Structures are given as structure tokens and as C-alpha cells.
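S.K.: Sending over a structure as C-alpha cells; questions will come in a sec.
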Number of protein chains: 2
Amino acid sequence: MLQASYHVRSDARAIEARARAIAVEQSVEMPVAAIDDNFVKSEIVGRVEAIRELADGQFEVRIALSAATVGGDAGQLINMLYGNTSIHDDVVLHDVELPSDLVQMFGGPRHGLDGLRQRVGAAKRPLTCSALKPQGLPAEKLADLAQKFARGGIDYIKDDHGLADQAYSPFAARVEAIAAALAAHGAPVRYVPSLSGDLDSMRAQIAIAIDAGIDTMMVAPMIAGFSNFHRLVREYPGVAFMAHPTMAGAARVAPPLLIGKLFRLLGADAVVFPNHGGRFGYSPETCGRLARAALADWHGLRPAVPVPAGGMTPARVPEMLDFYGADLMLLIGGGLLAARERLTAETAAFVAAVRQYR
Amino acid sequence: MLQASYHVRSDARAIEARARAIAVEQSVEMPVAAIDDNFVKSEIVGRVEAIRELADGQFEVRIALSAATVGGDAGQLINMLYGNTSIHDDVVLHDVELPSDLVQMFGGPRHGLDGLRQRVGAAKRPLTCSALKPQGLPAEKLADLAQKFARGGIDYIKDDHGLADQAYSPFAARVEAIAAALAAHGAPVRYVPSLSGDLDSMRAQIAIAIDAGIDTMMVAPMIAGFSNFHRLVREYPGVAFMAHPTMAGAARVAPPLLIGKLFRLLGADAVVFPNHGGRFGYSPETCGRLARAALADWHGLRPAVPVPAGGMTPARVPEMLDFYGADLMLLIGGGLLAARERLTAETAAFVAAVRQYR
């Protein structure tokens, strides 16, 4: 069984009926009294397992759903956990426990924390990352920025998630220019291009990137679709995937579950998320839980690297490392780019702050 | 330019800065002061065009975004309209106006209202629809239900959106059994199977369905991913697509925009949505706007059929037709299935109520 837990806004008198309605919506989606099939009644209809008051008017509801309804597909997993219920504004999908065989089937990260450290020759230290932007720049200008980041000693350089396959910087031209610029540099820095479009477009982009010697790429699972992201993970076992949270919605699916647990389940080796105190509203508690979910022991999956981001600056490095520890990739984009002609020096200072941290 | 409008919760003193922040987040995602490229500054950075107070603490913000950032991809369209901003809980994506050439490029429905009427030999009347459920039933039992709906004279019989490719009712076996049952029936009733999985899985399912003589299918764009849904529409011009709103979220993207306008833009011939007064919380105003958006003249696109659903009953037929008019598909699932052994008679009564309505 899937054990899904929901946070539901309700008054105390109504919560039992509301919990049963969610269990029905997320399973048979019809009046239970009209079901006469015994298998469906005993195995498929969702069951309310527990209701717990969290605060006045706020309840945690745990519902058991049949794992058979997932049919081995990642899109269907999120459909069964939250599909129609996502349309109700009184319910947040809070967490889920999955049977071990389902977790094994999805498989999680192929590379994870250790793999991403090995790629850049890092021991147990935190990793560093920056982002290529703004969009609208031609490939050569992005390659120039990449080279400056590389000279500053950064580990990973990812595309901004807005870089797709636009006329002003087509994917193929961008990858070629940036790969060439970094090859000239020599160090084990990795460029992480952002994949976009339908499954076939993403496959074509992966082929271009692999040809250019790239082994780490970024996907936005909420836009690509869970099933397609998971398909890429299975088709390209040599590629490490960083997951971007764009279109993840605010607090509709709890971020520690969606980004920390589910993106990892599908195979994200690193998960980007908005750090507290930056441009987004996640609380320190949410961020801490998300990072722990990405790293925790969970049915033998490899840990995914937490990548807090979104308005970070070099000044926050010590505080972030105090908060998260060393199993981390620190991503500073705009906060480095704002240094303009001092970009390489500012990158080097960021890298040094991370490496010197004890 | 894309003209995106957002509804933003803010106090009056902060709204101008908040609007500018959204414009930056949805375009260059970095400090504007750090950008020296003239093309990026003049063409790519989002521009706040208007701010209007809707109510105390509630504003409408209109932002112009470059159409070039979309790069012709449907996933990138939603990424540019709402991607990172979806993570903020003070902002709803309310509406968008697109340049005519972008709308033509995406292309909208291939069949739309007229095509779905022609398939079942209906003139200008509302269409009728029901749903096969509960999940967990084997193919033969679903085929038996389909036959009963058909005997009652229904136009369309769709899979419940939870029916995927599960062991208890694999897609191929289900389609074969239901197509055979309806072929025996004779009338122009259409079975609408629900597609699931990654792009290749959906293609394989479409091939199976086409082999069985099926020409109308259902997709969940928020799970399949916008780009993949749009790819299917282009690859299978003979197939009419019904879009299901699962995972659409509550009020994060305004339903008239997401379901009425964007799903139609990508090619949905019919759009299922939760009717007011049923199991979901959309207001009559939201439902009316959604249906009008699906049908409205818009850069020459074919109209998509509005399909209000979610806890509807035959008793509501006259009221719904008063509200929506005749350019409609009425979908009653559980409300018919609850009749159990009287399913055919109840279906016939539903069909008669629709046909007799003046």
C-alpha cells in the first residue's frame, strides 16, 4: 500500500467525512455504495487509516492506497497520490510512504551525492555551482561566463532553467560553445545544460550533450512530466540529473515530499530548491526537512544532493553550511553575476569560502 | 510579446517592487543592474505594463514577456508564464494574451466542437458522456458497463482518469474488450480511453487504440507534460483529444486560463473541468468563464468542447443547459453508475433529458 498523508483544513465535525471523500477521490472516484466487485471493495478503495488534529481547524489525514493502481508508472504515481485532490484548495499532499519494492522499481538516483562529488574530484566537501544567465545572451557570451566561473574554480555550471532551445541561443550551439570553452580550461568543472521540450526533443538534446562530453544535465520534472523524466533516467544510466523545481507550485505538494523525496525517487541526483531567506518563501524548517529527505536512508536509494538556491550570496556560505552540513551543493547565480567584471574573483572567493569552511 | 496577467496579494506600498520582481523572475532571473547586453535589456527583460487594484490588498499586474523566450515549445511556454513564480504563494497566473503567430503555431484543436458532434452524428445539441469506473475492475466488467451506457444512448464513454495500464486491467486488454463490446452495439457511440505514461507509452497506446477503430482519446496535460501533449496532437491529426484536469492544482493558475485557454491552445478538442456545485470548489463564475474561454473566437482556433463534470447527476441537466447553453458535453459518471442494475435506463433518461431540452 501507499501511505499518503494529507494536511486538510476542516472543522472538527466535518473532518471524518472529508477524509473519506479524499480516500474515494484518490482511488475509485465514485459512490462506494455502487461498487459490488469484491476485489475493488477490499483492495482498491482508499482507506482512512488515521486522523490527527495538528492545530485548530488543521488535520493530518493518513490514507492507504493500493500500490497496484500505480501500474509501475511515475505519472500515475502522482495522479494516484494527488491528481483530482490537487484541485481542492483545502488539501496539501504532505508525505507518502511507499512499499520497498515500488521504491526499488523506480530506483532513485544513479549517481547521487557520491557520483556528483567524484565527477569533480571532491572528497567530502560541499560542492559549488553557479548558473548561466540571463537568457537572451548568444552562445558565445554564455560560454564566456562559463569560462569565468571555471577560472574561479567552481564545480558545476548549470543553465538557467529559462534557457531552452530559443533562436537567440539554440541548445546545440550553446552546448558546443560552452563545452569547448570548458575543455580549454582543463579542470574537472561540469557544465549542466537544461533539457526542454517533449521526450524526443530531450533525447536529441542529450545526444548532443553526450557528444560534447557532457555527463550531467538538468530537467524540470513538473514540466517534462514525471513519466518522461523517469524514462530519461532509465535510458541514460551514465548521465547524472539535476532536478529543477520550476512549476512545483507553492505548498500544494509539501516541498520536502515533492522535491526531496519524489524527484529523488525518480532518479534526480541533485535537487535544486529555493533556500529560506532568499527570493522564495520556504521556511528554514521546510528547507531542512527537504534536504534531509533528499539525503536520508530510504529503502537503499542513493542520496540526492540538496542544492539550495534562489537569491543566495557568497556572504551566506558559512551560515548555509552551518545549517545544512557538508552534504550539499551551494548554488549562487545572480549573486556572482552581479560582480560583472570581477566575476572570476568573486567566484574564487565563493569557492574558497566553501573549501575553507570547517 | 506575451501579455501575462497575475493576481498578486500585496500591500499597496510594496506592489510596484513586487511586480518588477515577478517580471524579472519570469524573464532573466538575475539582478537587472548586472546585465549589460543591449538585446537582453531591451527585448528579454520582462516589463511591468500595468498595475490595477482589484480589492484591498489584491492587485492585477500585467507583464510583457518576450515571445522569443518560448522557443516554440509548449513546456517552455508555461515555464516562462509561471515556472518559478508558481513557487510563490502570493501570485496566481490569471490570464495571458499571446501574439497571433504563436497561437497559430501551437494550433489548437484539430476537431473541436464540430468534430466531436460529427463523430456521433449530433447536430447542434449538447453531447453526453459518462465514465468507466471504478478502477480495479477487469476489462470485461468495464466492457459490460460500456455496453450498458451505449444501450442507454450515450455519445461518449471515457475512461476514469485513474485507469492507466495496471495489471488488473491492462490498457490493451481494456481497449480490445470495450471496442468489441461497442462494435457489437452498432451506434456511433465513442469510447475514449485514457492515455498514460511517457511519450512513447502514450504513442504505443494510441497505436493500439487506432487499431481497435478508436478516434478519440483522453490525456492529462499536467501529468503528460505540455510539450508531450502538444507533440501527440501534431503526430495524430486524426485523433480528437479530451483533456483531463488532474494535477491542475487549486487556483494557482486560473482555471479559465489553464483549462479553457491553454489546454485548448495545445489542441484539446474537449476539456473536462469540475462543475460548480459538485465535488469541487470552482464557482459558477469560474465555470462560466472557463466554458466561454474554450468556445470563444481566439485567433481563428477551433472551439474546444466544455465538459463540466465531478459529481453531476441527471437532475442537474436542465439547470446546466440553462447555464452553459448547447455547446457542451455533459459528463455524468458516478451519478449514473450509482443506478447499478438500472444503469441502462438511467443513462437513457439522462440522454433523453439532454435531447428534449429546449
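S.K.: Charges at C-beta only: +1 for Lys and Arg, -1 for Asp and Glu. How large is the resulting dipole of chain A about its Cα centre, in Debye rounded to 20?
M.R.: 1200
S.K.: Label position 7 Å from Cα toward Cβ: report the copy-to-copy distances for A:Gln3 in nm, one decimal, ordered from shortest.
M.R.: Shortest to longest, the spacings are 5.3 nm.
S.K.: Among DSSP bridges having both ends in the protein assembly as shown, what percentage is antiparallel? Round to the nearest 5.
M.R.: 45
S.K.: Have a look at the stretch B:138-183 and report residues whose accessible surface goes down by 10 Å² or more when the remaining protein chains are included, against the chain on its own, probe 1.4 Å, ligands and DNA/RNA excluded.
M.R.: With the partner chains in place, the stretch B:138-183 has these residues losing at least 10 Å²: B:Lys141, B:Asp160, B:His161, B:Gly162, B:Ala164, B:Asp165, B:Gln166, B:Tyr168.
S.K.: Taking Cα centroids, how far is the stretch A:264-296 from the stretch B:39-102 in Å?
M.R.: If you average the Cα positions of each part, the centres end up 26 Å apart.
S.K.: Ordering A:Asp322, A:Asp11 by accessible area with a probe of 1.4 Å, largest first, what comes out? Show your work: numbers first, answer last.
M.R.: Details: A:Asp322 110, A:Asp11 75 Å².
Final ranking, largest accessible area leading: A:Asp322, A:Asp11.
S.K.: Could you tell me which of A:Pro170, A:Val192, A:Val120 has its Cα farthest along the dipole of the stretch A:108-198 towards the positive end, charges placed at Cβ (Lys, Arg +1; Asp, Glu -1), taken about the Cα centre?
M.R.: Sorting the options by dipole projection puts first A:Val120.
S.K.: Averaged over A:40-47, how many beta carbons belonging to a partner chain fall within 10 Å of each residue's beta carbon? Don't jump to the answer; show the numbers that get you there.
M.R.: Numbers: counts 8, 2, 1, 2, 7, 3, 0, 0.
Per residue, the number of nearby Cβ atoms from other chains is 3 on average.
S.K.: Moving on to the next point. 222 nm [θ] for the protein assembly as shown, helices only, -39500 (n - 2.57) per DSSP H run of 4+, per residue, to 500?
M.R.: Numbers: 28 runs with 264 residues, N = 716.
Helices in the protein assembly as shown give a 222 nm mean residue ellipticity of -10500 deg cm²/dmol.
S.K.: For the protein assembly as shown, with all protein chains present and a 1.4 Å probe, just round the carbon and sulfur fraction of the accessible area to a whole percent.
M.R.: Solvent-exposed carbon and sulfur of the protein assembly as shown make up 52 percent of the total.
S.K.: Over the stretch A:238-308, calculate the relative contact order: mean separation of alpha carbon pairs under 8 Å at least 6 apart, over the residue count, as a percent.
M.R.: 34
S.K.: Which pairs in the list B:Lys148/B:Lys261; A:Lys41/B:Lys148; A:Lys148/A:Lys261; A:Lys133/B:Lys41; A:Lys41/B:Lys141; A:Lys133/B:Lys261 are over 24 Å apart, alpha-carbon to alpha-carbon?
M.R.: Over 24 Å Cα-Cα: B:Lys148/B:Lys261; A:Lys148/A:Lys261; A:Lys133/B:Lys261.
S.K.: Filter the trypsin sites (Lys or Arg not before Pro) in the stretch A:120-180 to those in DSSP coil with at most 14 other Cβ atoms within 10 Å of their Cβ, and list the result.
M.R.: Here the trypsin sites (Lys or Arg not before Pro) that fit, given the DSSP loop and packing criteria, are A:Lys124.
S.K.: Per residue of A:216-225, how many C-beta atoms from partner chains lie within 10 Å of its own C-beta, taken as a mean?
M.R.: What the average comes to for A:216-225 is 5.
S.K.: Charges at C-beta only: +1 for Lys and Arg, -1 for Asp and Glu. How large is the resulting dipole of the protein assembly as shown about its Cα centre, in Debye rounded to 20? Intermediate results must be reported in sequence, preceding the final value.
M.R.: Numbers: 70 positive and 76 negative charges, 10 e Å.
My answer is approximately 40 debye.
S.K.: Now, a different point. If each label sits 7 angstrom from Cα along the C-beta direction, how far apart, in nm, is A:Glu319 from its counterparts in the other copies?
M.R.: Once sorted, the set of distances for A:Glu319 reads 5.4 nm.
S.K.: Kindly write out, for the stretch B:264-278 in residue order, the coupling ³J(HN,Hα) from the Karplus curve 6.51 cos²θ - 1.76 cosθ + 1.60 (θ = phi - 60°), rounded to whole Hz, with x marking Gly and Pro.
M.R.: My calculation for the stretch B:264-278 gives 4, 3, 6, x, 5, 7, 9, 10, 6, 8, x, 6, 4, x, x Hz in order.
S.K.: Still on this structure, please answer the following. Taking amide H positions as placed in the peptide plane 1.01 Å from N, state which residues far from B:Val305 in sequence (5 or more) or on other chains have amide H under 5 Å from it.
M.R.: Result for B:Val305 returns B:Leu113, B:Ala270, B:Val271.
S.K.: With the other protein chains left in place, how much accessible area per residue, in square angstrom, belongs to the stretch A:1-122 at a 1.4 angstrom probe?
M.R.: Averaged over the residues of the stretch A:1-122, the accessible area is 38 Å².
S.K.: Determine the residues within the stretch A:84-101 where the difference in accessible area between the chain on its own and the full set of protein chains amounts to at least 30 Å²; count protein heavy atoms only and use a 1.4 Å probe.
M.R.: A:Asn84, A:Ser86, A:Ile87, A:His88
S.K.: Please figure out what share of the DSSP beta bridges in chain B is antiparallel and state it in percent, rounded to the nearest 5. Could you put the intermediate results ahead of the total?
M.R.: Values: 21 of 45 bridges.
Roughly 45 percent of the DSSP beta bridges within chain B come out antiparallel.
S.K.: Work out, step by step, the length gained on full extension between B:Ala184 and B:Arg355: first 0.36 nm times the residue separation, then minus their alpha carbon distance; give nm to one decimal.
M.R.: Details: separation 171, 0.36 × 171 = 61.56 nm, distance 2.41 nm.
Answer, rounded to one decimal: 59.2 nm.
S.K.: Would you mind calculating the gained length between B:Glu319 and B:Ser283 on full extension (0.36 nm times residue separation, minus the Cα-Cα distance), in nm to one decimal?
M.R.: Roughly 11.5 nm would be gained on extension.
S.K.: Hey, what did chain B get for relative contact order, percent, Cα under 8 Å, at least 6 apart?
M.R.: 18
S.K.: I'd like to check one number: the per residue accessible area of the stretch A:289-358, probe 1.4 Å, reported in Å² as a whole number.
M.R.: That works out to 43 Å² for each residue.
S.K.: If you don't mind, there's one more thing I want to ask. Using the 7 Å Cα-to-Cβ label point, sort the distances from A:Met105 to its equivalents in the other copies shortest first and give them in nm to one decimal.
M.R.: Result for A:Met105, in nm, nearest copy first: 3.9.
S.K.: Under 17 Å from a point placed 7 Å out from the Cα of A:Asp114 along the Cα-to-Cβ direction: which residues of the stretch A:274-302 have their backbone N that close?
M.R.: What the label zone holds, given the 17 Å backbone N cut-off, is A:295-302.
S.K.: Each residue of the stretch B:112-120 in order: what ³J(HN,Hα) in whole Hz does its phi give by Karplus 6.51 cos²θ - 1.76 cosθ + 1.60, θ = phi - 60°, with x for Gly and Pro?
M.R.: x, 4, 4, x, 6, 5, 4, 3, 10
S.K.: Which Cα, out of A:Leu132, A:Ala220, A:Ala293, lies furthest along the positive dipole direction of chain A (beta carbon charges, K/R +1, D/E -1)?
M.R.: The residue sitting farthest along the positive end of the dipole is A:Leu132.
S.K.: Through the Karplus equation 6.51 cos²θ - 1.76 cosθ + 1.60, θ set to phi - 60°, convert the phi angles of the stretch A:88-104 into ³J(HN,Hα) values in whole Hz; use x for Gly and Pro.
M.R.: Per-residue couplings from phi come out as 8, 8, 9, 10, 10, 6, 9, 6, 8, 10, 10, x, 4, 5, 5, 4, 4 Hz.
S.K.: Which of A:Ala21, A:Val32, A:Ser5 sits farthest toward the positive end of the charge dipole of the stretch A:1-72, with +1 on the Cβ of Lys and Arg and -1 on the Cβ of Asp and Glu?
M.R.: A:Ser5
S.K.: Sticking with this one: Suppose every K and R has +1 on its Cβ and every D and E has -1 on its Cβ; what is the size of the dipole of the stretch A:45-97 about the Cα centre, in Debye to the nearest 20?
M.R.: The calculated dipole for the stretch A:45-97 is roughly 220 debye.
S.K.: Here's another thing I want to ask about it. Roughly how much accessible area, to the nearest 100 Å², goes out of reach of solvent when A and B pair up, both sides summed, probe 1.4 Å?
M.R.: 5900
S.K.: A follow-up question, please. Under 17 Å from a point 7 Å along the Cα-to-Cβ line of A:Asp56: which residues of the stretch A:7-24 have their amide N that close?
M.R.: Those under the cut-off are A:9-14.
The values are calculated or read from the model by the stated rules, or taken from the named source; none is laboratory data. What you see is a predicted model, and the numbers here were worked out from it, not measured in a lab. Virtual Cβ from ideal backbone geometry, glycine too; neighbours counted across all protein chains shown. These area figures cover heavy atoms from the full protein model, side chains too; ligands, DNA and RNA do not enter into them. Shrake-Rupley method; radii C 1.70, N 1.55, O 1.52, S 1.80 Å.
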